Amino acid sequence: MAPLTVSLPIMAALHRLAGQLLTDLIDRNYFYLFDMESFFTAKALNMCIPGGPKFEPLYRDMEKGDEDWNEFNDINKLIIRQSLSTEYRTHLYNNRPRKVKLGIYHTLVIMYIQAEDPDLPAFYYDPLINPLTSINKVD
């Protein structure tokens, strides 16, 4: 059986027709804290992602020897009355971090603008990104 080959104009037409099914969001920074690693970390640490779900604790066990001593009756406890921003390094502010997956802080900025006109070439200088101005020399 011969392999199925499709010509380039047919592939371009199929890609243009499938444009309604493909997402326009190619910037990975758009999905910051809404990826599987962040959800796994929030579940493991019993924390809430801002604007996201609140999970039940992954580990409910407590040490049996620590029942008479906990964080409320510790003499060396440091009392912090303001809320901590735990979105970036949640494992630092937790007493027993387990199953923590470290996510990335950000990815590189993507300067891609999808062409609306199908007659444009594949690579061209968009005037929104590359504002090239002409200079008139006067002699």
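Overview of results
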| quantity | calculated |
| --- | --- |
| From D68, D27, D117, residue being at pLDDT below 75, at negative phi and not aromatic (F, W, Y) | D68 |
| Residue identified as surrounded by 11 or more Cβ atoms within 10 Å (Cβ to Cβ), in contact with a Leu (Cβ under 8 Å, 6 or more places away or on another chain) and at pLDDT 80 or above among A44, A12 | A44 |
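Listed here are the residues, each with its yes/no results for (1) out of contact with any Cys (no Cβ under 8 Å at 6 or more places or on another chain); (2) part of a loop (DSSP other than H, G, I, E, B); (3) closer than 20 Å to A122 by Cβ.
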{"position": "V6", "(1), (2), (3)": "yes, yes, yes"}
{"position": "R16", "(1), (2), (3)": "yes, no, yes"}
{"position": "L25", "(1), (2), (3)": "yes, yes, no"}
{"position": "F40", "(1), (2), (3)": "yes, no, no"}
{"position": "K43", "(1), (2), (3)": "yes, no, no"}
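The values are calculated or read from the model by the stated rules, or taken from the named source; none is laboratory data. The shown structure was predicted, so the numbers you read here are calculated from the model rather than taken from an experiment. Counting neighbours? That spans all protein chains shown, and the Cβs are built from the backbone with ideal geometry, glycine included.
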